[in-house]
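First up is the structure itself, then whatever we jot down about it.
Please treat every number below as a calculation from the coordinates, not as lab data. Note that this is a predicted model, so its numbers are computed, not measured. Note that we place each Cβ from the backbone using ideal geometry, even for glycine, and neighbour counts take in every protein chain shown.
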Amino acid sequence: MHVFVTGASGWIGSHTVDDLLAAGHTVTGLARSDASAAALQAKGAAVLRGDLDDLDTIRRGAAEAEGVLHLANKHDWANAAATNASERGAVEAIAEALVGSDRPFVLASGVAGLAQGRPSNESDPNPFVGPDSMRGGSENRGFDFVDQGVRTIAARFSPTTHGIGDHGFIKVIADAARERGVSGYVGEGTNSWAAVHVTDAARLVRLGLEQAPAGSRLHAVAETAIPTRAIAEAIGEGLGLPVTSIDPADAVAHFGFIGQFFGMEMSATSDETRKLLGWEPTGPGLLEDIAAGAYFDVRVA
Ligand SMILES: NC(=O)c1ccc[n+]([C@@H]2O[C@H](COP(=O)([O-])OP(=O)(O)OC[C@H]3O[C@@H](n4cnc5c(N)ncnc54)[C@H](OP(=O)(O)O)[C@@H]3O)[C@@H](O)[C@H]2O)c1
């Protein structure tokens, strides 16, 4: 299958491109810089130069492919409205280009806010609707096109899709620990996060593209619920720093933007995904990756 991938140079995207190419697919990756374009070409992928907001380019990439993976995101946490608007705009542009084709369209999503008081599962609908909601309501916007002949599939990633080279949430939390001289958790640290190794997430995205029916919600979740206090303890151990509770009211001041999320419950299961696609995660667990030093080059004490 010829696959158009946005975010092909990103953390999940680059591993997914590797997985797609190894499985015999061909890839065109969206690249906004010379460095991203060169990295893709070195792997044997074709490049479409453009920005996430160049909607004509995005439409062209989608129209010329047999399947689309949308993994780009601006992640500009200081300007969430613009990030969400770009996310929604790109999802609409891709879906419009695929109308009537029955081609697969896998879009990135998350597990935050799907359930209260229990781990979320694939049957939980995404409550975020409309441009002003989380991620611009992009999961539901993508599903709007299922009735118009688009095989839309949501890949809901664990809040930590981890591994060596990850620059996501755990890296930001580890950097905050290094800067503050303590490894913090929010409140009691009893809220939990789901986790998945990036190579397992990449394989799931590829299996979803190949096999998942329209309207599927896939959970890229290997570990259901890791208490955030255990994450802070592993980071403290790795950096040789004391571990301490941070008052929820001080979380953003202490951690930066990630303080909005570190105290949130983001546990999730993946039983339905495993049954649907025969996907079984095989990569190391999050605490194992932290202990192996995936998030820090130097101990500070
Ligand atoms: N990682 C996680 O744990 C996690 C958890 C839940 C959901 N997700 C979602 O999964 C998706 C992939 O995440 P990720 O961790 O792989 O993200 P990432 O490493 O930050 O990669 C983002 C990708 O988007 C591209 N990009 C950013 N701004 C762009 C723009 N203006 N125009 C074109 N391309 C642009 C980047 O290109 P450059 O290489 O040129 O910068 C990069 O390829 C995102 O939607 C993310 O929100 C991730």
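Before moving on, here are some points about what is shown:
- For region 141-231, relative contact order (Cα pairs under 8 Å, six or more residues apart, normalised by length) works out to 43 percent.
- FRET E, pair E64, R180, Förster distance 45 Å, beta-carbon r, rounded to 0.05: 0.40
- Residue-span extension gain [A46 to E237] - 0.36 nm each, minus C-alpha spacing: 64.5 nm
- GNM result for the chain, Cα springs below 10 Å: residue of V182, V68, V91 fluctuating most strongly: V182
- Compactness of the chain - radius of gyration and Dmax, Cα, Å: 18.8, 60
- Separation of the alpha carbons by more than 28 angstrom is noted, of K171/K275; K43/K74; K74/K171, for K171/K275.
- The rule of thumb for compact globular proteins, 2.2 N^0.38 Å, goes into the C-alpha radius of gyration of region 167-285 1.20 times.
- Candidates A222, A155, A249, ranked by Gaussian network fluctuation over the chain, Cα under 10 Å, top entry: A249
- Gaussian network model of the chain, springs between alpha carbon atoms under 10 Å - residue of A78, A194, A253 with greatest fluctuation: A78
- The separation of region 92-111 from region 15-62, counted between C-alpha centres, amounts to 16 Å.
- Here the Karplus curve 6.51 cos²θ - 1.76 cosθ + 1.60, taken at θ = phi - 60°, turns the phi angles of region 129-146 into couplings of 10, x, x, 8, 8, 3, 6, x, x, 5, 4, 5, 4, x, 5, 4, 8, 4 Hz, with x standing for Gly and Pro.
- Percent antiparallel among DSSP beta bridges (both partners in the chain, rounded to 5): 10 percent
- About its Cα centre, region 114-198 has a charge dipole of approximately 180 debye under the convention of +1 per Lys or Arg Cβ and -1 per Asp or Glu Cβ, with nothing else charged.
- Positive contributions from Lys and Arg (+1) and negative ones from Asp and Glu (-1), summed over other residues with Cβ under 12 Å from the Cβ of L209, come out at +1.
- At R0 = 35 Å, FRET efficiency that the Cβ-Cβ distance of D132 and D247 yields, to 0.05: 0.75
- If a spin label sat at a point 7 angstrom from the Cα of E272 along the line to its beta carbon, the backbone N atoms of region 190-217 nearer than 15 Å would be those of 212-217.
- Rounded to the nearest 20, the Cβ-based charge dipole of region 236-301 about its Cα centre (Lys and Arg +1, Asp and Glu -1) stands at 100 debye.
- Charge dipole of the chain about the Cα centre (unit charges at C-beta), most positive-ward option of P242, H2, F157: H2
- Projecting label points 7 angstrom from Cα along Cα→Cβ for A78 and L21 puts them 3.4 nm apart.
- Computed magnitude of the charge dipole of the chain (debye, nearest 20; Cβ of K, R +1, Cβ of D, E -1): 240 debye
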